[in-house]
1. By average Cβ neighbour count within 10 Å, what is the ranking of 144-154, 295-305, 227-237 from highest down?
2. Give me the percent of DSSP beta bridges within the chain that run antiparallel, rounded to the nearest 5.
3. If you fit an axis through the alpha-carbon atoms of helix 87-97 and take the longest principal axis of the Cα set of the chain, what angle between them do you get, 0 to 90°, nearest 10?
4. Could you state the accessible area per residue of the stretch 183-340 in Å², with a 1.4 Å probe and every protein chain left in place?
5. How large is the accessible surface per residue of the stretch 124-170, computed with a 1.4 Å probe and reported in Å² as a whole number?
6. Carbon and sulfur atoms: what percent of the 1.4 Å accessible area of the chain do they account for?
7. Using just the Cα positions, wrap the chain in a convex hull and report its mean projected area in square nanometres, one decimal place.
8. In a Gaussian network model over the chain where Cα atoms closer than 10 Å are linked, find which of Glu61, Glu318, Glu72 has the largest mean-square fluctuation.
Amino acid sequence: MISVAEHDESPRAPDPLVSVVMPLYNEAAVLRTLTGLVEEALQSCRCRYEIVYVNDGSRDESEDLLDEIARENPHVRVVHFSRNFGHQAAVQAGLMFAAGDAIVVMDSDLQDDPAAIPRFLERWREGYDVVYAVRFNRKENLAKRSLFYAFYRVLNAISDTPIPHDAGNFGLIDRRAAEHVVRMYDRDRFYPGLRRWVGFRQIGVPVERLARHDDQPRVTLRQLGRLAKSAVFSFSSFPLTMFYAIAAVSLLACAGLCGFTLYHKLFTGLAIPGWTSMTIAASFFGALNALGIGILGEYVIRIYDQVRARPLFIVQREVNFALRDAEAIGAADVGNALRD
Ligand code: UDP
Ligand code: MG
């Protein structure tokens, strides 16, 4: 019998390369400070590192300043977009250009505290593949804070793969998991959802959300709304399920109305001519519409699934397949020896 020899993942490299990916749009005012803080955090980590800025079509001095910083500092790499493509696209580009064994994604507006990076790396060295910041003590105004609070809770409740509360982009992802995220073709991207979707060992670490360096968020409320829609429609089929609920309620209402109107038509004579047939027809076709939308939605969601072609599964590790391969090679050697 073949003994079970677990082919576990290789332990973390003793001297890993860590990439810090930072998308930015018009953040010239803080780029030098930010680079200094990130380097300071990385230097305490016993690792090699690179800082990957993704300039998402900034219109301020960010472009020239980044080139200047990169000339002075060989750890800094910069990707300049041809125009503004949005935060999520910039995160994707950062993951694609990063070469690290572990990749940290963070904002460039000083809201994500670089001092959390060594804590992420500690967890990664313990064997976690995804270490995400669970944000607390947000400094945004009450309305925005409440929106974020409600959004994460609603999303978690309705998502097919529950997405942790208060976990945004900030966090570390192991290269292997990052490669799976990069290979997901979703055009409508919500990075925290994709990161959750790929699985592997994940853990949250509480990190205080700092204040923005200025009072002008670069992601507008409209863009935030679009992102929330991406999150809901990419990770939940709940909106579709609602139509079944609407159809069920409408059918019940239809049955009730049929009974009510027919009773008056047949027994009390209180029914105005045309009222019974109108009410029955309207409620019946209303229910039929909701049911039809639900059924159409089932097809649409399947087409959507097929088109974005997410993998059916992702393997974390394999056990004993190496033994089988070794045996096959051994058998081939014996065969060759016999022939010789
Ligand atoms: N950002 C970007 N492209 C955009 C808008 C924003 O790369 O079109 C960057 C921005 O410079 C910052 C990060 O994305 O580093 C988060 O933006 P913001 O602070 O406006 O978002 P919030 O913190 O309010 O969610
Ligand atoms: Mg911000």
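The values are calculated or read from the model by the stated rules, or taken from the named source; none is laboratory data. Just so we're clear, the structure is a prediction, and the values are computed from it rather than from any experiment. Note that each Cβ is placed from the backbone with ideal geometry, even for glycine, and that neighbours are counted across all protein chains shown. For accessibility, only protein heavy atoms count, side chains too; no ligands or nucleic acids. Shrake-Rupley method; radii C 1.70, N 1.55, O 1.52, S 1.80 Å.
1. Details: 144-154: 14.7, 295-305: 12.5, 227-237: 18.3.
By packing density, highest mean first, the sequence is 227-237, 144-154, 295-305.
2. 30
3. For 87-97 against the chain, the angle is about 40 degrees.
4. Per-residue value: 67 Å².
5. That works out to 48 Å² per residue.
6. In the chain, the share of accessible area belonging to carbon and sulfur is 61 percent.
7. Over every viewing direction, the Cα hull of the chain projects on average to 29.7 nm².
8. Highest fluctuation among the options: Glu318.
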